[in-house]
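**Q** Would you mind keeping the following structure in view while I ask a few things?
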Amino acid sequence: VMQDKIICLPQRTFSPNQTELMCPPPSSNHESTVPAHESKGLKTNLDIQQYNYINQMCYEKALHWYAKYFPYLVLIHTVIFMVCSNFWFKFPGSSSKIEHFISILGKCFDSPWTTRALSEVSGENPEEKDNKKNSASRSNLDTPIGEGNLEKTQSLRSIPEKIVVDKPAPSVLDKKEGEQAKALFEKVKKFRLHVEEGDILYMMYVRQTVVKVLKFILIIAYNSALVSKVRFSVTCTENMQDMTGYRYFCCNHTMAHLFSKLSYCYLCFVGVYGLTCLYTSYWLFYISLKEYSFEYVRQETGIDDIPDVKNDFAFMLHMIDQYDPLYSKRFAVFLSEVSENKLKQLNLNHEWTADKLRQKLQTNSNNRLELQLFMLSGLPDTIFEVTELQSLKLEIINNVTIPAAIAQLEDLQELSLYQCSLKIHSAATSFLKENLKVLRVKFDDARELPQWVYVLRNLEELHLIGSLSSDASKNVTLDSLRELKALKTLTLKSNFTKIPQSIVDVASHLQRLCICNDGTKLVMLNNLKKMVNLTELELVHCDLERIPHAIFSLANLQTLDLKENNLRTIEEIVSFQHLRKLTCLKLWHNGIAFIPEHIKKLGSLERLYFSHNKIEILPSHLFLCNKLRYLDLSNNDIRFIPPEIGVLQSLQYFSVTCNKIENIPDELFFCKKLKTLKLGRNMLSVLSPKISFLSVLTHLELKGNHFEFLPAELGSCRALKRGGLVVEDTLFETLPSDIREQMQAE
């Protein structure tokens, strides 16, 4: 290219009749016809500078531009083709996606988890594989070679599946391989989320292909038209007579022959390249490359939850399919949630061995051996090896699947599910239906409240915590509990406005009902009248202003708890005299200002809670409930304790902490069965020596008063030890040393 030049000689004669100067064509006879004695050429009287000038001028003026610039045009077109083909590999917005995709694709292809997942879903155990191989080998012997090869030719997409299925079963993944596969799932998930948002790769590829097709058409068009302009002989007519003495010149283009042949070769190469561009254009616009379906992968592998993808993600998968569909197939494993859950389960089993689970076993409040699991990725399969398990507590665990293997836990009676999304096998439901005694469920939405709750016929206790409603249009409704024939205890912590009708279904055998309403006003309680066998009722934080009349119909009621309501007056307490079995009444954490005298009619009361109210005066009628064993009057505004308190000869627990009491009547110390006496945070200054009458006292709280010393008679309370005496250390030091030693002794 750099040595491209032209050689010109002046033309001596030119006939006026000629319209155009014609240079003689090159002679085909290489043997000289000139006589031997004529060895000299024609004299032109031109020097070397004049020849150079003539060559240069004729090159610029007479030589066709296509012949001059053909090599540069080839170079420019080639550069344009190269830029079009490689720009998206260099542009940051597209190259990063491509590099990341290739990196992830290679790791997914080589991951041991891919091979394991595809082998598991192939549905063939080793025995079946051996039988198939043997039958295949026998059929091959019976089939002619030609026919066999023809009939057994497989499509491109079915070949990878055969390769995977026929491999031997993979070994169990070690912990490191499991963690690597877990990281790959996260990378694929984030990559898909990022790449599916746009179509920059697709649009860049379309545009560069369109540019290349247009460029191909342009090159073919003008090259075909101008290739004939590349000539060996060139006629040059330039007015250089003043400079050289000649006007007409005949020139030879030294590279013309080479350029002519190269141009035809160039047209052939560009034609082949153009055909590939046309095929690419057809591929781009005939097939929807912005959508990719894994239907064939789902059919071959049996992994049904592999999602279809779109935009740039789909385009790159279409591209990789042109190389080898096996890559897309193995990559698809990492798009499946089922596959990811299997991997999580495998890693979970590695982490939580049966021995590690046994170390976490504890005895709960129901005296059952309990295992508590918190914020795991799933339920370890190894849990079903801990056969001594009696109570299982799961907290904040997503995608919990309870398989049929739960039947191995023959002693399991208690199950707690706190904010867990749960799936359960039908065989597991049958097992729980027969064995489960206690179920606790805390949920935030409907999906976390399992429907199989309503068929547990042997369930004795059901505790539901979550947003429930008796209105079907709001939140989650509580379905019928008719199948729960053995249910005795029902706890509902929710936001009802009325007692759900479904509770009536178990009214005949329900013994304990607890409703905690989180401040929502409970208005309609008529359904309570139907629960004639109820022995314990708790209506907590229900915004009640009066004691509901429906309660007075519960003849078997033994315990009533109305904690954290807005009770101001309790005049209705007189109706409690009809509840002959009522032994425990809890009216704590309300705004009660006085206790009516009708309290004396509750002769069966044994436990009475009036703490955290606004009571100022204790009526003497209160102490006519002579069966009282537990009386809590703490956190009120009481200033005086009537001497009638001495009537309570069965009293074992008495608390008046956080009041304004200045004196304790001596009659209190006639309650000789007192074991716990709490007098802290009052205005007491003297403790009567008659404290010695309380020989069974084990807990005495005096802290927060104005005592200057403690009576030595405390030594007569032989059951009282230092741990049970709540008092300032300085005040304790006022006791005689022998009494202090007695209390500090084990």
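The values are calculated or read from the model by the stated rules, or taken from the named source; none is laboratory data. Computed from a predicted model, the values in this text were never measured in an experiment. Heads up, the Cβs are rebuilt from the backbone with ideal geometry, glycines too, and the neighbour counts pull from every protein chain shown. Note: accessible area is taken over every heavy atom of the protein model, side chains too, but ligands, DNA and RNA are not part of it. Shrake-Rupley method; radii C 1.70, N 1.55, O 1.52, S 1.80 Å.
**Q** Specify the residue that is modelled with the lowest pLDDT; the eligible residues are those in the stretch 533-579 that are of a type in the set (Asp, Glu) and under 21 Å from Arg607 (Cβ atoms). Talk me through it step by step, then tell me what you get.
**A** So in the stretch 533-579, the residues of a type in the set (Asp, Glu) come out as 536, 538, 543, 545, 561, 564, 571-572.
Filter once more, keeping what is under 21 Å from Arg607 (Cβ atoms): 536, 538, 561, 564, 572.
Values: Glu536: 95, Glu538: 94, Asp561: 95, Glu564: 92, Glu572: 88.
For the stretch 533-579, the residue satisfying everything is Glu572.
**Q** So which residues in the stretch 683-702 are open to solvent by less than 10 Å² (accessible area, probe 1.4 Å), in a loop (DSSP other than H, G, I, E, B) and closer than 11 Å to Leu725 by Cα, if there are any at all?
**A** Leu697, Leu702
**Q** Tell me which residues, restricted to the stretch 623-647, are open to solvent by 20 Å² or more (accessible area, probe 1.4 Å) and in contact (Cβ under 8 Å) with a residue 24 or more places away in the chain.
**A** Kept after step one, since they are open to solvent by 20 Å² or more (accessible area, probe 1.4 Å), are these residues of the stretch 623-647: 624, 626-627, 629-630, 635, 637, 639-640, 643-644, 647.
Selection gives Leu624, Asn626, Lys627, Arg629, Tyr630, Asn635, Pro643, Glu644, Val647.
**Q** Still on this structure, please answer the following. One residue is enough: does the stretch 270-284 have a residue meeting the conditions under 30 Å from Cys8 (Cβ atoms) and over 52 Å from the mean Cα position of the chain (by Cα)?
**A** We begin by selecting, within the stretch 270-284, every residue under 30 Å from Cys8 (Cβ atoms); these are none.
There is no residue in the stretch 270-284 that is under 30 Å from Cys8 (Cβ atoms) and over 52 Å from the mean Cα position of the chain (by Cα).
**Q** Hey, any hits in the stretch 258-278 for a residue that's in contact with a helix residue (DSSP H, G or I) (Cβ under 7 Å, 6 or more places away or on another chain), open to solvent by 70 Å² or more (accessible area, probe 1.4 Å), farther than 30 Å from Arg116 by Cα and among the hydrophobic types (A, V, I, L, M, F, W, C)?
**A** Yes: one or more hits.
**Q** In addition: Thr559 - would you say it is among the hydroxyl-bearing types (Ser, Thr, Tyr), closer than 30 Å to Ile595 by Cα and surrounded by fewer than 17 Cβ atoms within 10 Å (Cβ to Cβ)? Walk me through it before giving the result.
**A** Numbers: among the hydroxyl-bearing types (Ser, Thr, Tyr): yes; closer than 30 Å to Ile595 by Cα: yes; surrounded by fewer than 17 Cβ atoms within 10 Å (Cβ to Cβ): no.
Criteria not met by Thr559.
**Q** Any idea which residue in the stretch 436-453 is modelled with the highest pLDDT, counting only those that are in a helix (DSSP H, G or I) and surrounded by fewer than 18 Cβ atoms within 10 Å (Cβ to Cβ)? Give the derivation first.
**A** Applying the first criterion (in a helix (DSSP H, G or I)) to the stretch 436-453 yields 446-448, 451-453.
Subsequent filtering for residues that are surrounded by fewer than 18 Cβ atoms within 10 Å (Cβ to Cβ) retains 446-447, 451-452.
Numbers: Ala446: 63, Arg447: 62, Gln451: 84, Trp452: 87.
So, considering only residues that are in a helix (DSSP H, G or I) and surrounded by fewer than 18 Cβ atoms within 10 Å (Cβ to Cβ), the one modelled with the highest pLDDT is Trp452.
**Q** For Tyr51, indicate whether it is open to solvent by less than 90 Å² (accessible area, probe 1.4 Å), aromatic (Phe, Trp, Tyr), touching a Phe, Trp or Tyr at 6+ places or on another chain (Cβ under 9 Å) and modelled with pLDDT under 85. Even if it seems obvious, please write down each step before you answer.
**A** On the way: open to solvent by less than 90 Å² (accessible area, probe 1.4 Å): yes; aromatic (Phe, Trp, Tyr): yes; touching a Phe, Trp or Tyr at 6+ places or on another chain (Cβ under 9 Å): no; modelled with pLDDT under 85: yes.
No, not satisfied.
**Q** Taking the stretch 469-486 as the search range and keeping residues that are more than 25 Å from Gln413 (Cβ to Cβ) and either open to solvent by less than 40 Å² (accessible area, probe 1.4 Å) or hydroxyl-bearing (Ser, Thr, Tyr) (or both), which one is modelled with the lowest pLDDT? Even if it seems obvious, please write down each step before you answer.
**A** Step one: of the stretch 469-486, the residues more than 25 Å from Gln413 (Cβ to Cβ) are 469-477.
Filter once more, keeping what is either open to solvent by less than 40 Å² (accessible area, probe 1.4 Å) or hydroxyl-bearing (Ser, Thr, Tyr) (or both): 469-470, 473, 476-477.
Values: Ser469: 60, Ser470: 49, Ser473: 41, Val476: 52, Thr477: 61.
Result: Ser473.
**Q** Next question. Hey, any hits in the stretch 226-241 for a residue that's among the small types (Gly, Ala, Ser) and open to solvent by 60 Å² or more (accessible area, probe 1.4 Å)?
**A** yes
**Q** Could you pull out the residue among Lys68, Lys90, Lys61, Lys40 that is at pLDDT 80 or above, loosely packed, with under 10 Cβ neighbours inside 10 Å and of a type in the set (D, E, K, R)? Outline the logic, then answer.
**A** Values: Lys68 fails: loosely packed, with under 10 Cβ neighbours inside 10 Å; Lys61 fails: loosely packed, with under 10 Cβ neighbours inside 10 Å; Lys40 fails: at pLDDT 80 or above.
Being at pLDDT 80 or above, loosely packed, with under 10 Cβ neighbours inside 10 Å and of a type in the set (D, E, K, R) holds for just one of Lys68, Lys90, Lys61, Lys40, which is Lys90.
**Q** Among the residues of the stretch 607-618, is any surrounded by fewer than 18 Cβ atoms within 10 Å (Cβ to Cβ) and of a type in the set (Ser, Thr, Tyr)?
**A** Taking every residue of the stretch 607-618 in turn, none turns out to be surrounded by fewer than 18 Cβ atoms within 10 Å (Cβ to Cβ) and of a type in the set (Ser, Thr, Tyr).
**Q** Please find, among Asp312, Asp355, Asp321, the residue that is more than 28 Å from the chain's Cα centre (by Cα) and surrounded by 15 or more Cβ atoms within 10 Å (Cβ to Cβ). First the steps, then the outcome.
**A** Values: Asp312 fails: more than 28 Å from the chain's Cα centre (by Cα); Asp355 fails: surrounded by 15 or more Cβ atoms within 10 Å (Cβ to Cβ).
Step by step, each of Asp312, Asp355, Asp321 is checked, and only Asp321 is more than 28 Å from the chain's Cα centre (by Cα) and surrounded by 15 or more Cβ atoms within 10 Å (Cβ to Cβ).
**Q** For the stretch 495-519, which residues satisfy the criterion of being within 17 Å of Glu461 (Cβ to Cβ) and open to solvent by less than 20 Å² (accessible area, probe 1.4 Å)?
**A** If the condition is that a residue be within 17 Å of Glu461 (Cβ to Cβ) and open to solvent by less than 20 Å² (accessible area, probe 1.4 Å), then Ser502, Ile503, Val506, Ala507, Leu510, Leu513, Cys514, Ile515 are the ones that fit.
**Q** Also, quick follow-up: Which members of the stretch 409-429 meet the condition of being open to solvent by 60 Å² or more (accessible area, probe 1.4 Å) and within 30 Å of the chain's Cα centre (by Cα)? Walk me through how you get there before you give the answer.
**A** Our first condition is that a residue be open to solvent by 60 Å² or more (accessible area, probe 1.4 Å); within the stretch 409-429, this holds for 410-411, 413, 423, 425-426.
Residues satisfying the conditions are Lys423, His425, Ser426.
**Q** Oh, and also: Of these, Ser650, Ser611, Ser620, which one is in contact (Cβ under 8 Å) with a residue 24 or more places away in the chain and in contact with a helix residue (DSSP H, G or I) (Cβ under 9 Å, 6 or more places away or on another chain)? Steps first, answer last, please.
**A** Details: Ser650 fails: in contact with a helix residue (DSSP H, G or I) (Cβ under 9 Å, 6 or more places away or on another chain); Ser611 fails: in contact with a helix residue (DSSP H, G or I) (Cβ under 9 Å, 6 or more places away or on another chain).
Result of the check over Ser650, Ser611, Ser620: Ser620.
**Q** If you go through the stretch 520-532 one residue at a time, do you hit one that is within 24 Å of His612 (Cα to Cα), in a loop (DSSP other than H, G, I, E, B), open to solvent by less than 50 Å² (accessible area, probe 1.4 Å) and at pLDDT 90 or above?
**A** No.
**Q** Could I ask something else about it? In the stretch 183-225, what count of residues is obtained for those that are under 14 Å from Thr280 (Cα atoms) and surrounded by 14 or more Cβ atoms within 10 Å (Cβ to Cβ)?
**A** Applying the first criterion (under 14 Å from Thr280 (Cα atoms)) to the stretch 183-225 yields 202-214, 216.
Next, only the ones that are surrounded by 14 or more Cβ atoms within 10 Å (Cβ to Cβ) stay: 202-206, 208-213, 216.
Matching residues across the stretch 183-225 total 12.
**Q** List the residue pairs whose Cβ atoms are under 6 Å apart, where the first residue sits in the stretch 228-245 and is within 16 Å of Thr44 (Cβ to Cβ), the second is in a strand (DSSP E or B), and the two are 6 or more positions apart or on different chains.
**A** Pairs that qualify, where the first residue is within 16 Å of Thr44 (Cβ to Cβ) and the partner is in a strand (DSSP E or B), are Cys236/Cys8; Cys236/Phe249; Cys236/Cys251.
**Q** Something else now. Of all residues in the stretch 571-589, which are open to solvent by 20 Å² or more (accessible area, probe 1.4 Å) and assigned to a loop (DSSP other than H, G, I, E, B)?
**A** Hits for the stretch 571-589 are Arg580, Lys581, Thr583, Trp588, His589.
**Q** Another one. How about the stretch 300-393: which helices (runs of 4 or more DSSP H) wholly inside it have at least 3 residues that are hydrophobic (A, V, I, L, M, F, W, C) and more than 30 Å from Ser94 (Cβ to Cβ)? Steps first, please.
**A** On the way: elements: 311-323, 325-332, 337-351, 354-359.
In the stretch 300-393, the matching helices (runs of 4 or more DSSP H) lie at 337-351.
**Q** Which of the residues belonging to the stretch 487-516 are part of a loop (DSSP other than H, G, I, E, B) and modelled with pLDDT of 90 or more? Don't jump to the end; show me each part of the working.
**A** Quick first cut of the stretch 487-516, residues part of a loop (DSSP other than H, G, I, E, B) only: 487-488, 494-497, 499-500, 507-511.
Across the stretch 487-516, the qualifying residues are Leu487, Lys488, Leu510, Gln511.
**Q** Identify all residues within the stretch 379-399 that are surrounded by fewer than 18 Cβ atoms within 10 Å (Cβ to Cβ) and within 18 Å of the chain's Cα centre (by Cα); write none if there are none.
**A** Glu395, Ile396, Asn398, Asn399
**Q** Take Leu720 and decide whether it is touching a His at 6+ places or on another chain (Cβ under 9 Å) and surrounded by 18 or more Cβ atoms within 10 Å (Cβ to Cβ).
**A** Numbers: touching a His at 6+ places or on another chain (Cβ under 9 Å): yes; surrounded by 18 or more Cβ atoms within 10 Å (Cβ to Cβ): yes.
Taking the combined requirement at face value, the residue satisfies it.
**Q** Okay, next question. Which residues, taken from the stretch 373-399, are touching a helix residue (DSSP H, G or I) at 6+ places or on another chain (Cβ under 8 Å), within 16 Å of Glu351 (Cβ to Cβ) and β-branched (Val, Ile, Thr)?
**A** Selection gives Thr382, Ile383, Val386.
**Q** Please tell me if Leu554 is under 19 Å from Pro500 (Cα atoms) and over 47 Å from the mean Cα position of the chain (by Cα).
**A** Values: under 19 Å from Pro500 (Cα atoms): yes; over 47 Å from the mean Cα position of the chain (by Cα): yes.
Spelling it out, Leu554 is indeed under 19 Å from Pro500 (Cα atoms) and over 47 Å from the mean Cα position of the chain (by Cα).
**Q** Given the conditions (1) closer than 30 Å to Leu412 by Cα; (2) of a type outside the set (Gly, Ala, Ser); (3) surrounded by fewer than 19 Cβ atoms within 10 Å (Cβ to Cβ), report the number of the one that Leu343 does not fulfil.
**A** Checking Leu343 against (1) closer than 30 Å to Leu412 by Cα; (2) of a type outside the set (Gly, Ala, Ser); (3) surrounded by fewer than 19 Cβ atoms within 10 Å (Cβ to Cβ), the one that fails is (3).
**Q** Do any residues in the stretch 93-108 that are in contact (Cβ under 8 Å) with a residue 12 or more places away in the chain have Cβ atoms under 6 Å from those of residues that are among the charged types (D, E, K, R), where the two are at least six apart or on different chains, and which pairs are they?
**A** Close Cβ pairs satisfying both conditions: Ile104/Lys187; Cys108/Arg330.
**Q** Looking at Ala593, Ala550, can you tell me which residue is in a loop (DSSP other than H, G, I, E, B), small (Gly, Ala, Ser) and either surrounded by fewer than 18 Cβ atoms within 10 Å (Cβ to Cβ) or out of contact with any Leu (no Cβ under 8 Å at 6 or more places or on another chain) (or both)?
**A** Values: Ala550 fails: in a loop (DSSP other than H, G, I, E, B).
None of the other options fit; the residue is Ala593.
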